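Read the structure below first, then the notes.
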Amino acid sequence: MLEEVKKDISDLAARTAAETESIGSRYPHYFFADEAPAPEGRGMLLVSGWRARPFLQEVGTADVSSLEPGEQARTLLLNKNGRLIDDVQLLRLEPDDRGRDRYFVLTHGPTHERVKTWFRGLSDGYVLFDNDDLRRKVQGPVVVEDVGLDLVDDAAIIGAAQAFRQKVKDSAND
């Protein structure tokens, strides 16, 4: 519903005169999911925060709570109707210097923006998660950063992302 309203606003704005060209910051609010270019190959998200573990536990099918730092798992992301959004790989990282959990989420290129937008909407409470209980919400908030686009200035995170991507690629070729 949020994406539909954003599209309606975009259409309305396109029909009116604008004084300035707007530019986006991508986060916390991306303009429109359908405008975003799909990354080639696979995309990489960094999900972090005090509630990152319960957030990922609730949005996917894997037992994220049992993962130790350095361990990975495959999980299916399903929408509120049980339809597949993406089949992703998770890697639990060491907590940051403040003790917040951090996870890499390796997505497929064609669904990368959809997963990112969905995660951010769930985290912010803007996406309906349960038709029967309008107040039900996925635990959060969490920070969802696109390792390929957002200004991730931590060299260790970038290096770990590249190593995880290569490890998943190598295991797929075996």
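A short reminder: the numbers here are calculations on the coordinates, not readings from a lab. Nothing here was measured: the structure is a model prediction, and the numbers come from that model. When we count neighbours, we look across all protein chains shown, and the Cβ atoms used for this are built from the backbone with ideal geometry, even at glycine.
When each of Y103, Y126 is scored by the number of other beta-carbon atoms lying within 10 Å, the sequence from fewest to most is Y126, Y103. When peptides 53-61, 74-82 are sorted by average Cβ neighbour count within 10 Å, with the highest value leading, the order is 53-61, 74-82.
In this label model, D11 and Y126 are separated by 1.9 nm, measuring between points 7 Å along each Cα→Cβ vector. In this rough spin-label picture, where each label sits 7 Å from Cα along the Cβ direction, the S65-R98 distance is 2.5 nm. Here's the list of lysines a cross-link from K6 could span, going by alpha-carbon distance under 17 Å and ignoring same-chain residues fewer than 8 apart: K116.
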